[in-house]
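Only one structure is covered here, and it is reproduced in the block below.
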Amino acid sequence: MYDNDVLMIIEDIVNYKYNFSTTDIIITKCINKQHQNYKKDKSFYFILDSNASRDFGYWVFESFIFINLLRDLNKTNPNIKILSKITNYNIKNLLEFFNINNEIVNTTDNYNNICYSPRIYSIYYIHRLNNDNYFNMYLTNYINHIKSNLDVNDNDNVYDFVFIYNNKNPSYNDEIIKNLKLNAKNIVFIDNNYENIKYNLSVINKAKIIILLYDSSFYYNCIFLENKFIIIIDDYIYRPNGIGTHINSNPFLNYLFNIIANKNKIEIMKLADIYKFTK
């Protein structure tokens, strides 16, 4: 099923689903070439989906970091459609930031097809990432693309603080933003809504200190940073989805955390301490 152990290549896919928390993909194939959806000319798809997570920040590392595979395929076949069942966030802006303009579809509209897929990764599977050359090569490519395509100007402002917030918890964010506006000088607020990837990451890169609540966006927003002071707000680090729980029990996230921690200073603070720190 793999071509040179790099790409999974499957023909005549009708549908697919992942076997949760494993590296398996379950395929339904067309066995009736007389089916109305089995068209004369072959179609091509690239699966850009997630094995386990519907969180944008995790999907990036489970799937999107392998986007160079699609870019290489586009050189010889510009008619590949991106096949993804993701509907709860917009991936188009990130694709554009990586110069990908392929059509996005949620289903195979032609059963006479060839589907390409990267290897299957899941944050819930115990991958041995330290020795995984495949994963690390594409992760490095992903990070280098971000660093090479940010808006960088020597005359641009350098911000003392950038606070990254998430609209999923507006009342809690509103309280923090209100207090930070009163206490902190030279602070910029980034709405982590993925609508302007290049702008958001460029502003974060210009900050001396980054402040954010702990969730999946921490990994996505910080993986490319170097020599920054990153403050994570987490009052209960051993809650089910707290940072203490994740980095002690999830090898995938622990691996990403260590990449960020080795290049930056990270401190975990309770919310009350943030207001004291920024005065």
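The values are calculated or read from the model by the stated rules, or taken from the named source; none is laboratory data. Predicted model only: the values in this text are computed from it and were never measured. Because the Cβ atoms are built from the backbone with ideal geometry, glycine has one as well, and the counts that use them run over all protein chains shown.
Thr140 fulfils the conditions (1) surrounded by 17 or more Cβ atoms within 10 Å (Cβ to Cβ); (2) at pLDDT 95 or above; (3) of a type in the set (Ser, Thr, Tyr) except for a single criterion, (1). A search for C-beta distances below 8 Å between a residue of segment 165-179 that is under 18 Å from Ile231 (Cβ atoms) and of a type in the set (Val, Ile, Thr) and any residue that is at pLDDT 65 or above and in a helix (DSSP H, G or I), counting only pairs 6+ apart in sequence or on different chains, returns Ile176/Leu271; Ile176/Ile274. Among the residues making up segment 20-34, those that are under 15 Å from Ile9 (Cα atoms), free of Cβ contacts under 8 Å to residues at least 60 places away in the same chain and not hydrophobic (A, V, I, L, M, F, W, C) are Thr28, Lys29.
Somewhere in segment 35-43, is a residue more than 17 Å from the chain's Cα centre (by Cα), without any contact (Cβ under 8 Å) to a residue 12 or more places away in the chain, over 22 Å from Glu96 (Cα atoms) and part of a loop (DSSP other than H, G, I, E, B)? The answer is yes; a qualifying residue exists. Looking at segment 234-279, which of the residues that are of a type in the set (Ser, Thr, Tyr) and in contact with a helix residue (DSSP H, G or I) (Cβ under 6 Å, 6 or more places away or on another chain) is surrounded by the fewest Cβ atoms within 10 Å (Cβ to Cβ)? By that ranking, first place goes to Tyr238. Taken over segment 203-248, the criterion of being of a type in the set (Ser, Thr, Tyr) and at pLDDT 95 or above is satisfied by Tyr219 alone. Inspect all residues belonging to segment 182-195 and state whether any of them is more than 23 Å from Arg54 (Cα to Cα), in the same structural domain as Leu253 (by TED's automatic domain parsing) and touching a Ser or Thr at 6+ places or on another chain (Cβ under 7 Å). Within segment 182-195, one or more residues are more than 23 Å from Arg54 (Cα to Cα), in the same structural domain as Leu253 (by TED's automatic domain parsing) and touching a Ser or Thr at 6+ places or on another chain (Cβ under 7 Å). Checking each residue in segment 232-279 for being within 21 Å of the chain's Cα centre (by Cα) and in a strand (DSSP E or B) picks out Ile232, Ile233, Ile266. Taking the numbered list (1) of a type in the set (D, E, K, R); (2) modelled with pLDDT of 85 or more; (3) closer than 13 Å to Phe163 by Cα in turn, Lys185 passes all entries but (2).
The test for being touching a helix residue (DSSP H, G or I) at 6+ places or on another chain (Cβ under 7 Å), loosely packed, with under 14 Cβ neighbours inside 10 Å and touching a residue at least 40 places away in the same chain (Cβ under 8 Å) holds for Ile126. Among the residues of segment 182-228, those that are in contact with a strand residue (DSSP E or B) (Cβ under 9 Å, 6 or more places away or on another chain), small (Gly, Ala, Ser) and not in a helix (DSSP H, G or I) comprise Ala184, Ala207.
One line per residue, one yes/no per condition, for (1) modelled with pLDDT under 95; (2) out of contact with any helix residue (DSSP H, G or I) (no Cβ under 7 Å at 6 or more places or on another chain); (3) on the phi < 0 side of the Ramachandran plot; (4) not in a loop (DSSP other than H, G, I, E, B):
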site: Phe46; (1), (2), (3), (4): no, no, yes, yes
site: Trp59; (1), (2), (3), (4): yes, yes, yes, yes
site: Ile65; (1), (2), (3), (4): no, no, yes, yes
site: Leu69; (1), (2), (3), (4): no, yes, yes, yes
